[in-house]
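To start, the structure under review is shown below, and the notes come after it.
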Amino acid sequence: FFSIKQHDITMTMEIDRPSIEERNQRYKPGSIKRVKLKNFLTYDDVEFFPGPRLNVVVGPNGTGKSTILCAICLGLGGQPPLLGRADDARLFIKHEKDQATIEIELAPHKTDGSGIIHTLKRVIDRDRGSENGNGKGASVYYVNGTKTPLKSVRELVSEKYHIN
């Protein structure tokens, strides 16, 4: 169930979601299964579950469509200049917050036999990094909960999942 409250009207809808096993079987390796954002630009705390096929982000101007795409890029180890929006990762932290978190879950590769689901997490801290270095050092990366260097995140994303 989920609820939407808008203009003092609350709607509750039941969603028939497939089990984790069913979802895993339908996703191609490297597909994004989940995106979670906390204090990232316009989002306080949100979690998306893209489907295993084509996903389209639609909505009126200013509703956060580009923000989702920026989060995916940054969460997979991309750097802000790639986006053409800002040159410092700290500028993606929601106003008056100290940290932003991006978490992305990728569908596993079945071909290597491991079936490991990789969850990539990037924590951007307003108080880390140098002023002159455009925020370099402001981010800490994790893979499946273990602190990981950016280089290792990029290697995982590009070599294992062929996402460039």
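Note on segment 69-81: residues that are open to solvent by less than 10 Å² (accessible area, probe 1.4 Å) and outside any helix (DSSP H, G or I) amount to 1. Restricting segment 82-97 to residues that are in contact (Cβ under 8 Å) with a residue 40 or more places away in the chain and more than 17 Å from the chain's Cα centre (by Cα) leaves a set whose member that is surrounded by the most Cβ atoms within 10 Å (Cβ to Cβ) is D88. Please verify whether V123 is open to solvent by less than 80 Å² (accessible area, probe 1.4 Å) and either β-branched (V, I, T) or farther than 14 Å from V35 by Cα (or both), treating the condition exactly as stated. Yes: the conditions hold for V123. Residue count for segment 39-68 satisfying the condition of being touching a strand residue (DSSP E or B) at 6+ places or on another chain (Cβ under 9 Å), exposed (fewer than 14 other Cβ atoms within 10 Å of the Cβ) and either assigned to a helix (DSSP H, G or I) or of a type in the set (D, E, K, R) (or both): 3.
The values are calculated or read from the model by the stated rules, or taken from the named source; none is laboratory data. Here the structure is a predicted model, which means the values were calculated and not measured. Backbone-built Cβ (ideal geometry, glycine too); neighbour counts: all protein chains shown. We work out accessible area using only protein heavy atoms, side chains counted, and drop any ligands, DNA or RNA first. Shrake-Rupley method; radii C 1.70, N 1.55, O 1.52, S 1.80 Å.
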